[in-house]
Amino acid sequence: MKRRCSWTTLVVAGSLVCLFAAVEGRADMFVCDDGRGRTHFTNTPTGQNCKPFTPRQKYIESPRNTFRVYRGDTAFSSAAPSSYDQYIKQVGRMYNIDPHLIKAVIRTESGFNHRAISRKGAQGLMQLMPGTAEDLRVDNPFNPGENIDGGVRYLRSLLDTFDGNLILSLAAYNAGPGLVKRTGGVPRIPETIDYVRKVLFNYRMYKATGG
C-alpha cells in the first residue's frame, strides 16, 4: 500500500508510519509543491513539482542557533552528550517522548552546550526563551536537568496541541505555535524549514545508531 505524508496533515495514527518513512527513507522520498504554496512529503511523486528529498547535513546558520558563551566561559562545549543520556531517558518515559527525539532536539538547539544563549535570548540545552521558561517554572534554564524537563514538557504540550503531528510540533518549537496555527502548516521561514529537517536528520541518526 502506498503511503503519502502531508506536510500539513500528519496526524497521530499516521505519524509513526510516515515519520519513519520520511526519516529512514532516502532516494524514495520526495518533497512536492502543490502549486498553491503548500508542501508535502511523499514516496509516490505526483507531478513535475516533486523533487527527491534527502535530509541535509549542512544547514543555514540562523540567529537562534548561533551562540555566545554564558558568564565569560571560554569553552563552547560543556559535558559530553552521553552524560545526559540517563536523564533524557527518564524524562522521556515521564512525558512519553522518544529519548532519541529529545536528544535530536538538544543537538539541533544547542549542540549539548548547557550554557548556550542564542542571539534571540533562548537559553540552555533546549533553548528556552525566558518567557517560556517562566511559564514552565524553570528557575534556572542553565541547569541541565531543569532545562531538559522544561523543554520536554513544552514539546509534549506542542505534540498534544497539534494532535501528535511531529513536523508541526517541531515547527512550533522553533517558530511558535501561534504562527503555525495561523499558517496552517510549517511557516515558509528558511530557518524553521531547515530546523525541522535538521531535527529529523538527527532523530534518524540517533535511532539508527542507538545513540
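The values are calculated or read from the model by the stated rules, or taken from the named source; none is laboratory data. Given the structure is predicted, the values throughout are model-derived calculations rather than measurements. Glycine also receives a Cβ, built like all others from the backbone with ideal geometry; neighbour counts cover every protein chain displayed. Calculation scope for accessible area: heavy atoms of the full protein, side chains included, ligands and nucleic acids excluded. Shrake-Rupley method; radii C 1.70, N 1.55, O 1.52, S 1.80 Å.
Carbon and sulfur together cover what percent of the accessible area of the stretch 113-211 at a 1.4 Å probe radius?
48 percent
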Quick check for me: using +1 on Lys/Arg Cβ and -1 on Asp/Glu Cβ, what's the dipole size of the stretch 86-193 about its Cα centre, in debye to the nearest 20?
220 debye
Note to self: with every protein chain in place and a 1.4 Å probe, the stretch 79-211 gives an accessible area per residue in Å² of 41 Å²
When Lys and Arg each count +1 and Asp and Glu each count -1, what net charge do the other residues less than 12 Å away from Gly92, Cβ to Cβ, add up to?
+2
Measure of exposure for Met94: accessible area at 1.4 Å probe, Å² rounded to 10, is 110 Å²
